[in-house]
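The values are calculated or read from the model by the stated rules, or taken from the named source; none is laboratory data. Worth saying up front: this structure is predicted, and the values here are computed from it rather than measured. Methodologically, a virtual Cβ is constructed for each residue, glycine included, from the backbone with ideal geometry; neighbour enumeration extends over all protein chains shown. Accessible surface areas use protein heavy atoms only, side chains included; no ligands, DNA or RNA. Shrake-Rupley method; radii C 1.70, N 1.55, O 1.52, S 1.80 Å.
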Amino acid sequence: MNITVNGTASEYPDKLSASELLRSLGLADKRLALEINEEIVSRSTYDNHVINPGDRVEIVHAIGGG
Amino acid sequence: MSSVIQAKLHTSSDPLLIAGVEYKSRLLVGTGKYKDLEETRAATEASGAEIVTVAIRRTNIGQNPNEPSLLEVISPDKYTLLPNTAGCYTASDAVRTCRLARELLDGHELVKLEVLGDEKTLFPDIIQTIEATEILVKDGFKIMVYTNDDPIIAKRFEDMGCVAVMPLAAPIGSGLGIRNPHNIRTIVENASVPILVDAGVGTASDAAIAMELGCDGVLMNTAIAGAQDPVLMASAMKKGIEAGREAFRAGRIPRKRFASASSPIDGTFF
């Protein structure tokens, strides 16, 4: 399926959970926040949250800023 | 100075109170524009700041996921993190950013709200900032709001439930210092929430002036990170804030046009 992660559209396996997506990106266990289609996905639900074709995924973290 | 007075000065508690939490330091610092994380860590440490701002941005997909992250050097266990909405030009982007920050920081509700008007001035868009404030207050956020130096608007944000109001002293990153001290003073006099100067400070005397005007604190980033020696400037800013605060509490002498001799007139022998 095609999904957009941080603004870039790419092919990913079907029936992917949020946990599996983060693991495939090397981001498992990182401190980050996840938003899918402009809705926050809470960390406690990553295992059960299924990503659908066309989903727009944002993965953010904290960086230096004033 | 007598030891009694000295003891009193050292022990007199003068905490900054924001949203019910006491802080010893009245200097708040940003973490942007440093050359690396080690410099960020060292300057933040030298500033003595307890509240530290961070930005929320996309992670780099496909790049080295093991590169060190900001929160490894600015630990949420040691500092109160203040996620900002820098870069947002609409209320909805700012609200999204705050919600992501809350998720990122495990339910943390203290945020620095800034909604910008244009790239040249980085002045706040007050209409959008008010719109975002309404949504975020209802959503349980504790908002420290970046605003202009308009006393009417500052009071409006306080009435809306912001936990601190942060007027700019000059444009972000400009280092121009306190451009309108009279307005800052009016904002301070009207306020019953903490007023912090946010943006525009260039050097330690600017920070001291903000504090002498009665501000509760100063938030700065570029003035430290952009200095030739950021760690030394962080230390200077810490002292500037402390000196300005003590001077404000001490109560300065009134300005007079003409001289007033320091030595007694009586008892002269000439």
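Structure above, values below:
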{"read-out": "Matching residues in region B:10-38 - criterion: being farther than 21 Å from B:G244 by Cβ and either facing chain A (nearest Cβ under 10 Å) or part of a loop (DSSP other than H, G, I, E, B) (or both)", "value": "B:A19, B:G20, B:T31, B:G32, B:K33, B:Y34, B:K35, B:D36, B:L37"}
{"read-out": "Looking only at region B:234-270, and only at residues there that are buried (at least 22 other Cβ atoms within 10 Å of the Cβ) and more than 14 Å from chain A (Cβ to nearest Cβ), the one that is nearest to B:S13 (Cα to Cα)", "value": "B:R245"}
{"read-out": "Within region B:86-116, tally of residues that are within 9 Å of another protein chain (Cβ to nearest Cβ), touching a Lys or Arg at 6+ places or on another chain (Cβ under 9 Å) and open to solvent by less than 10 Å² (accessible area, probe 1.4 Å)", "value": "1"}
{"read-out": "Count of region B:194-232 residues which are open to solvent by 30 Å² or more (accessible area, probe 1.4 Å), more than 14 Å from chain A (Cβ to nearest Cβ) and out of contact with any Phe, Trp or Tyr (no Cβ under 7 Å at 6 or more places or on another chain)", "value": "8"}
{"read-out": "Output for region A:37-51, where each listed residue is over 16 Å from B:T59 (Cβ atoms) and open to solvent by 80 Å² or more (accessible area, probe 1.4 Å)", "value": "A:E38, A:E39, A:S44, A:D47, A:N48"}
{"read-out": "Per-region count, region B:41-75, residues part of a loop (DSSP other than H, G, I, E, B), more than 9 Å from chain A (Cβ to nearest Cβ) and touching a residue at least 24 places away in the same chain (Cβ under 8 Å)", "value": "4"}
{"read-out": "Of residues in region A:14-36 being away from chain B (no Cβ under 11 Å), open to solvent by less than 60 Å² (accessible area, probe 1.4 Å) and not hydrophobic (A, V, I, L, M, F, W, C), the one nearest to B:R41 (Cα to Cα)", "value": "A:S19"}
{"read-out": "From B:I224, B:I178, B:I187, B:I172, residue being touching a helix residue (DSSP H, G or I) at 6+ places or on another chain (Cβ under 6 Å), touching a residue at least 12 places away in the same chain (Cβ under 8 Å) and either in a loop (DSSP other than H, G, I, E, B) or not hydrophobic (A, V, I, L, M, F, W, C) (or both)", "value": "B:I178"}
